[in-house]
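Notes to accompany the following structure.
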């Protein structure tokens, strides 16, 4: 690995898009910068003191000011539009993507696949497939960064954030933590393994780990905390059957889309948004349920619903 | 003209007490010069240690905790104790009253008080270093700083908090002075652009600094009392901390830059022997940058979990800052057109400023662009960008100002040759140190990394080599400037044949600057063509000033 | 040191005027500078409190119910009475400035003492309010051993409400205490005869400061005390 | 101005009765805001309270702080802070308002929710302040200086050190 590289590998669809923009930028800004520097340089030589070319020239010209301001304004607006287009796509995961749950923690990445397979600091994904990462953190802010995919996003404690990519190249690529998180920040690194679909499926099924899916484990969490004692009787709490992906009416007249974030909040802060028709009597599970079990429980509740959640507004507006 | 026999602000009274209790804005400027130079040395030392450690991919002489503390202290010291006070507190203090024909700042006691506040902040910072340092990064992001870091967070935050009040009081003094103390005939549009730059800066100091003060206060309360303002475990929002933090800390970049741009306007015009081109546009672009600066802070948070919609809005507004910045550069260039350009040390620093600001500014547009920023956010690309702006440009302007007004401030000339050499050396060293970091950043090297993958090593070695050259480039001026204090030729009132009220009075000035309150009848920058051939003979001292 | 300039009218006499600092040309310039400086200082104070109000707004948006539950733990009657007390102190402060304008040394001192009296009443009431919060387990200072144990902690955000309650009212009270120090200084200044109809910026600026502190409270009162007045109690109200 | 006079320096001097009238208005507005807060105005509760607070502030600034008779600089300065504060408020609120649904607290609680979701009768297991319910007891109280619960993964050393 000691060879010198000057440009990062392109291993995702984004990589190509971002690099295109980058090179366009480099050319435009490079030209503009070089040209300005060149003019300064030429003026320094041509009008140097000994040259005796001094001439009175005007010292203001509104026309000239407008003439050089407008192009700058137009160019930066164009660059803005291009950049914004890529960005909105970057943070809007598609609906039918393979999902992976990632929890940052000083100083490791804990990764869990929907079928229950877990790994640490390694992420196996299939090539040419949309993969969505659900990020959160157990302690401080981290940031999940894969340079070869040209994307990153912060993992913030207390909430989920999502990112996605479509890897175009098999191989292994760096994962970095990009947000400073303490002593071993620079050791919070890992590897993405991009594999052909077949190999990936084999990998997913292999291993000595118990192959309970996340949803199955979630069912155990559900039983452990006796969620059913309220949520199946239908008196104290609403049924969780098919709840995921629905619009629910809240006490107070607003509606809410039942998605991961709403479920998460309802477990940790039950009284924040209470479903219409129910008393806010659910105790909080904050501090009692760890991130992993929470993810599994949510996966279980999701599995009770056949409808995929509307993702239209996921990741932004 | 000054000679040993003449009274001036330096020799009018003697003794430590006459300095520590002085109400003279010029002496206070010198006090700041001493304090700021000390902190620059401390911050620079930390930087050099960081660069040395980064020579190898694996740790070789400091541990990760030490490394984290060093980059934090480098950031805290350089931001709060060097860059923010550098040009305003030293040169602004010294020159703003003189440039507008006033005898002093509006509030001399407050001015001295703010120096003491700055030093108290500085000692709190030194205390934080002495008691084990702090490892949160200068950004103090929660919840790491409030709940997880095991270092002197409260002490370091209070250092920045206290230094902030010094900044506020200095800004307040500038605005009142500029509004109320102008000499007869010194209309708003006859003020030197240096003064305009400081007016815009003072606005940011007064309106931005209190917000970071209260943010750091909340952080200290959370850490000290456990009240959990930003703590996600209590339902707090760590992103809110970032909003409040960058509401000040982005405009703070313009606190560093705008006075520097004022300096460059003065120098370019003087050494081109021409009136500045587009005076009004440069003046208003300073105000535009100051006000727009308050609307763009979210571009530090594109990946943070701020909403996508907000990211788009902030990106758009950030792009707008490119316009007034470009206006300034183009106008400086146009000033040189058909001029009579000479290359004294201050002019070399000014040209260096333009070159480095071009790179820093244009890469800033890269970072404002959403799609690109996601990849390079929190990488060395960002590190390189803001060093180009804050070290490349601002420190060039700082050194340019030091070389331009040194004769006025001290009454002594420094030797031109080493000054020119060091100007070129810092430019070369700087580019070598930070250009490779753009490549590193695009490769994906995250910032604040103590160790890194092998393939990044070569670029890091280049960077460290450049940093060493830069260090030497900063050391040389320290040597010959101190030398000049004792052995330099006596400076005439106007060694550069420059325009402006400060050049009409003796070097160094008397305590109250003007024997008679001047009446201004001339437009600013009334340069009227190349210097006469005998200009150097006029300078009796016989030194080649490079004019 | 500096000879007077013939060029500027009014320059000649200013060294004879004991009220004029050396670097000002005349009294008007000096007075306007002081007023401008004070207003700039208030602008920064405004931003300082503004940052806190901003954070308050965000969290209230996150936790409307928690904010309401927290607010219902406060005693509105006491809050309203205290508001009136503070308004009275603002009135006496305005009267002190009037006395200074008219050159009544006695009036200035009388009115400032009255202002300090109203201010102390406010702070004493505040002390008892804080103590009541302490008794009810509403102190969110976990590292001081003061855990937030009141039943409202069950409502999301209620604890944060009290973080803001103490943060904001505490900062307000701190400004009042600083104001007391400044009052003492102004009184000494006045006793020394340095306050005259020509030069009373000290009293005027003191007034501006005190009125600003009053304004902060004018916003704190509805934003902290009045949130839950018209609804049914969220949980465990003591009053 | 019948209520006022100017001294020989052109400074405005308010009469005692005028100051008293301002004080009376301020006290009246204090009771007005108390009264309106006691009424259920729905969405308008907070706006009305803020409007009254702004009214009181305007009185204090204009008449007690003499801005009414001050120079233009002072008039501009007295609103500058408001303008820049609006920047801070506007953009942070735009962010938190458009952040949902990624974040747990979401955007569905405002406006109006504050008034109608107050019927939290009482949390049944809670008996009084100072006591925890069955769930809360055995677990650590939320505290910024605590790290989250332990997990099966190996803990990196020194990660939770906390020094004061």
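Every number here is computed from the coordinates shown, using simple stated rules; none is lab data. The structure displayed is predicted, hence computed values, not measured ones. So basically every Cβ, Gly included, is an ideal-geometry build from the backbone, and we count neighbours across all protein chains shown.
Brief remarks follow.
- The orientation-averaged shadow of the Cα convex hull for the protein assembly as shown, equal to a quarter of the hull surface, comes to 47.4 nm².
- Using the Cβ-Cβ distance between residue A:74 and residue B:528 with R0 set to 30 Å, the FRET efficiency from 1/(1 + (r/R0)^6) comes to roughly 0.20.
- Legend: Rg and Dmax of segment B:207-247, from Cα coordinates, 10.1, 32 Å.
- Note on chain A: Cα convex hull, mean projected area over all directions, 24.8 nm².
- Divided by 2.2 N^0.38 Å, where N counts the residues, the Cα radius of gyration of segment D:12-70 comes to 1.31.
- Cα point-scatterer Debye curve for segment A:160-199, base-10 log of I(q)/I(0) at q = 0.17, 0.21, 0.27 Å⁻¹: -0.63, -0.82, -0.99
- Over segment A:214-303, equivalent-ellipsoid semi-axes from the Cα gyration tensor in Å: 20, 14, 13
- Overall form of segment C:21-117 per C-alpha gyration tensor (a/c, 1.5; a/b vs b/c): oblate
- Relative to the dominant Cα principal axis of chain C, helix C:158-191 is inclined by about 20°.
- Pairwise Cα inverse-distance average, inverted: Kirkwood Rh of segment B:1-131 (Å): 16.8 Å
- Per the Cα gyration tensor, chain B maps to an equivalent ellipsoid with semi-axes of 38, 25, 23 Å, ordered largest to smallest.
- Computed Rg/Rh of segment B:2-74, alpha carbon atoms with Kirkwood Rh: 1.31
- Relative to the longest principal axis of the Cα atoms of chain B, the long axis of helix B:279-292 lies at roughly 20 degrees.
- Förster-model FRET efficiency, 56 Å R0, residue B:130 and residue A:16, C-beta, rounded to 0.05: 0.60
- Tilt relative to chain B, helix B:108-130 - C-alpha long axis, 0 to 90 degrees, to 10: 40 degrees
- Förster-model FRET efficiency, 45 Å R0, residue A:128 and residue D:54, C-beta, rounded to 0.05: 0.15
- Additional length obtainable on full extension of the chain from residue A:53 to residue A:115, 0.36 nm per residue less Cα span: 14.5 nm
- Zone of residue C:26's modelled label, taken as backbone nitrogen in segment D:55-80 under 14 Å from a point 7 Å along Cα→Cβ: none
- Over every Cα atom in segment C:68-136, the radius of gyration and the widest Cα-Cα span, Dmax, amount to 15.8, 51 Å.
- Label positions at residue A:96 and residue B:113, each projected 7 Å from the Cα along the C-beta direction, are separated by 7.0 nm.
- Cα-based convex hull volume of segment B:246-299 per residue, rounded to whole Å³: 67 Å³
- Over the protein assembly as shown: helical MRE at 222 nm, DSSP H runs n ≥ 4 each giving -39500 (n - 2.57), nearest 500: -18000 deg cm²/dmol
- Spacing of the two label points (7 Å from each Cα toward its C-beta) at residue B:519 and residue B:424, in nm: 4.9 nm
- Rough spin-label spacing in nm, given labels placed 7 Å along Cα→Cβ, for residue A:6 and residue A:46: 3.2 nm
- Segment B:394-433 and segment B:51-96 have Cα centres lying 20 Å from one another.
- Taking every DSSP beta bridge that has both ends in the protein assembly as shown, the antiparallel portion is near 75%.
- Descending semi-axes in whole angstrom, ellipsoid equivalent of chain C, from the Cα gyration tensor: 45, 19, 14
- For segment B:340-363 and segment B:155-194, distance of Cα centres in Å: 26 Å
- Gyration tensor (alpha-carbon) shape descriptor, segment B:233-368, a/c threshold 1.5: prolate
- Directionally averaged shadow of segment C:71-189, computed from the convex hull of its alpha-carbon atoms, nm²: 8.2 nm²
- Across chain B, the relative contact order, built from alpha-carbon pairs under 8 Å that are at least six residues apart, equals 19 percent.
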